[in-house]
Ligand SMILES: [Zn+2]
């Protein structure tokens, strides 16, 4: 299944980028209909995309993937980052799940925005003159710097 390959690739990429290599992470993939219903059913008979169980005390986490549901996922990176951010903020769960869900969504978006901006910056610094110009926002000015070889 091509989607499973894409999910695995995204986990490999984001586990490293989010500094989670020193956690013990187990990712389990499910496609059996009976098992999907028992593992991924939400309160109101909705099936969730994934469930993340993390124990921040021992830096261990298991992420269960509802494989058929990922067919509908357009941005695999976003969904993978979302689950990994649950691992990062797991300590918050002791105060209930609602705040954790909102913080995870915001942090996921912040990461994606950072990646987008990095891409835009990479384009901005490309010019043929051999010089590059960078806006330094904190000094509200423009500096021209010789490009280092
Ligand atoms: Zn979530």
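Averaging over all projection directions, find the projected area of the Cα convex hull of region 2-126 and quote it in nm² with one decimal place.
Working: hull surface 36.1 nm².
Averaged projected hull area, Cα only: 9.0 nm².
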Stretched fully, the stretch from residue 97 through residue 113 gains (0.36 nm per residue minus C-alpha distance, one decimal, in nm) 3.3 nm
Give me the one-decimal nm value for the distance between modelled label points at residue 73 and residue 2, 7 Å along each residue's Cα-to-Cβ direction. 1.7 nm
Whole-Å distance linking the alpha carbon centroid of region 24-62 with that of region 83-100 is 14 Å
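Between residue 28 and residue 55, what length in nm is gained on full extension when 0.36 nm per residue of separation is reduced by their alpha carbon distance?
Details: separation 27, 0.36 × 27 = 9.72 nm, distance 1.64 nm.
Here the answer is 8.1 nm.
Report the full-extension gain for the segment residue 120 to residue 38: residue separation times 0.36 nm, less the Cα-Cα distance, to one decimal in nm.
Details: separation 82, 0.36 × 82 = 29.52 nm, distance 4.37 nm.
That pair, residue 120 and residue 38, stretches by 25.2 nm at full extension.
Throughout, read-outs are computed from the coordinates displayed, never taken from laboratory work. Everything numeric here is computed off the predicted structure, so don't read it as measured data. Cβ: placed from backbone, ideal geometry, glycine included. Neighbour counts: every protein chain shown.
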